[in-house]
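Read through the structure below, which is laid out as structure tokens, and then see the notes.
Computed from the coordinates by the stated procedures, all read-outs in this text should not be read as laboratory data. Predicted model only: the values in this text are computed from it and were never measured. Because the Cβ atoms are built from the backbone with ideal geometry, glycine has one as well, and the counts that use them run over all protein chains shown.
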Amino acid sequence: MYIPEHFRLRHEEDALAFMRANPFAILISTTESGPYATHLPLLLSSRAGDDGSESKLVLRGHVAKANPHWSYLERRPQCLTIFHGPHAYVSPGNYRARESVPTWNYAAVHVYGAARLFSSADDLPQVLHDLIQTFEPAYWDQWESLSSTFRENMLRQIVGFEIVATKIEGKFKLSQNRTQQDQANVIGSLEKSADSVVTGVAEMMKEQGLGNVSSDKRNLKEHE
């Protein structure tokens, strides 16, 4: 991923927090006929290396057995997972300099790694349990009350996988290359939107400490 230095996410804990907040990702593999992608929710965990090395990020999830993606992962384990967050068009009207151009603000994290498949009667129930506990804990009692025939049939129709990350790249393109006043203008503009995706960019900008212009300084600039 192309990442100018002022947009680079430098701390892995920030990338992990972003992935947990935006768990619906895009899993991409290469095949004989070209790229192949699946949209799906993923779980994050960590695991120490077999040689006692530092912990690695592990992504876990499952795909339908009818989805050929699992067979692509089996043949070519190397894959890319993209976690994507809010995004918004940014008008040059938000900038003080007239010689400016439109752009798009967004956030994304790319995880590279190798996949391992599993479909055993031990591993699949565990990943389902963890997914349910993450996204709807109240559903677990209903799942447990379903007939064993139904549950076993459901399990036979999915293939689980885990991906041990070898590289993580994060890009938060949030007007860091603009002045504080321009950033404040962008935030104010995006906050007026009725679209929660757009206002989500404004929230991310504020969380990153952007546009932090004091009231007195802002008032002075507005009357220049």
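Using the structure shown, decide if R96 is surrounded by 13 or more Cβ atoms within 10 Å (Cβ to Cβ) and either assigned to a strand (DSSP E or B) or not hydroxyl-bearing (S, T, Y) (or both).
Numbers: surrounded by 13 or more Cβ atoms within 10 Å (Cβ to Cβ): no; either assigned to a strand (DSSP E or B) or not hydroxyl-bearing (S, T, Y) (or both): yes.
No.
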Open item on the list: Return the pair list, or none, for Cβ contacts closer than 6 Å from residues in the stretch 94-107 that are within 16 Å of G188 (Cα to Cα) to residues that are among the polar types (S, T, N, Q), at least 6 apart or on different chains.
Closed with: N94/N185; N94/S189
Task: Tally, over the stretch 142-173, of residues that are over 20 Å from S71 (Cα atoms), without any contact (Cβ under 8 Å) to a residue 24 or more places away in the chain and of a type in the set (A, V, I, L, M, F, W, C) - done: 3
Task: Output for the stretch 129-165, where each listed residue is in a helix (DSSP H, G or I), surrounded by 14 or more Cβ atoms within 10 Å (Cβ to Cβ) and among the charged types (D, E, K, R) - done: D130, R151
Open item on the list: Give all pairs with beta carbons closer than 7 Å in which a residue from the stretch 2-14 that is within 13 Å of S175 (Cα to Cα) meets a residue that is of a type in the set (F, W, Y); count only pairs at least 6 apart in sequence or on separate chains.
Closed with: F7/F172
TODO: Output the number of residues of the stretch 174-195 satisfying the condition of being under 13 Å from I3 (Cα atoms) and either without any contact (Cβ under 8 Å) to a residue 40 or more places away in the chain or crowded, with 20+ Cβ neighbours inside 10 Å (or both).
DONE: 1
Open item on the list: For the stretch 14-29, give me each residue that is farther than 11 Å from H110 by Cβ and more than 13 Å from the chain's Cα centre (by Cα).
Closed with: S29
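Per-residue answers, yes or no, for (1) assigned to a loop (DSSP other than H, G, I, E, B); (2) touching a strand residue (DSSP E or B) at 6+ places or on another chain (Cβ under 6 Å); (3) within 25 Å of D130 (Cβ to Cβ):
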position: A15; (1), (2), (3): no, yes, yes
position: I26; (1), (2), (3): no, yes, yes
position: L40; (1), (2), (3): no, yes, yes
position: L44; (1), (2), (3): no, no, yes
position: E54; (1), (2), (3): yes, no, yes
position: G61; (1), (2), (3): no, yes, yes
position: A66; (1), (2), (3): yes, no, yes
position: S71; (1), (2), (3): no, no, yes
